[in-house]
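Nothing in this text is a laboratory measurement; each read-out follows from the coordinates by a stated rule. What you are looking at is a predicted structure, and each value in this text was computed from that prediction instead of being measured. Please note: Cβ atoms are built from the backbone with ideal geometry, for glycine as well, and neighbour counts cover all protein chains shown.
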Amino acid sequence: MKDDYLTTGIHKYYGDVLVQPGDSVMGTITFITPEYYPQTLWIGRILTIQEGSRIVGYAELTQI
């Protein structure tokens, strides 16, 4: 996997549906191309959440 590889994922959040800037929520992300991530995801890793080229949030992996 390249460091700048972007993929699409299905995001599902628990609790509040509306998330405001600065809020934290729990959820799951299911990648549509998990085969491109062998040995690149680990507990504690921080992923950027983007809409196109714009970063809209961050995800810390707590479970794989």
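For Leu47 and Val19 in one chain, what is 0.36 nm times their gap in residues minus the Cα-Cα distance, to one decimal in nm? Please report the intermediate quantities before stating the final value.
On the way: separation 28, 0.36 × 28 = 10.08 nm, distance 1.75 nm.
Full extension from Leu47 to Val19 adds 8.3 nm.
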| task | Mind putting a number on the dipole of the chain about its Cα centre? Charges go on the C-beta only, +1 for Lys and Arg and -1 for Asp and Glu, and I need it in Debye to the nearest 20. | result | 60 debye
| Karplus-derived 3J(HN,Hα), 6.51/-1.76/1.60, for each residue of the range 37-50, Hz, glycine and proline x | 10, x, 6, 10, 10, 8, 4, x, 5, 9, 10, 8, 9, 10
| request: For the chain, report the convex hull volume of the alpha-carbon atoms normalised per residue, in Å³, without decimals. | output: 96 Å³
| note | Note, Ile29: beta-carbon cut-off 15 Å, +1 each Lys/Arg, -1 each Asp/Glu, net 0
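Just want to confirm a number: the relative contact order over the chain, from Cα pairs under 8 angstrom separated by 6+ residues, in percent. Could the numbers behind the result be given before it?
On the way: 71 pairs, mean separation 16.7, N = 64.
Contact order relative to length: 26 percent.
Taking 0.36 nm per residue of separation and subtracting the Cα-Cα distance, what length does fully extending His11 through Thr30 add? Before the final figure, lay out the partial values.
On the way: separation 19, 0.36 × 19 = 6.84 nm, distance 0.67 nm.
Length difference between fully extended and current span is 6.2 nm.
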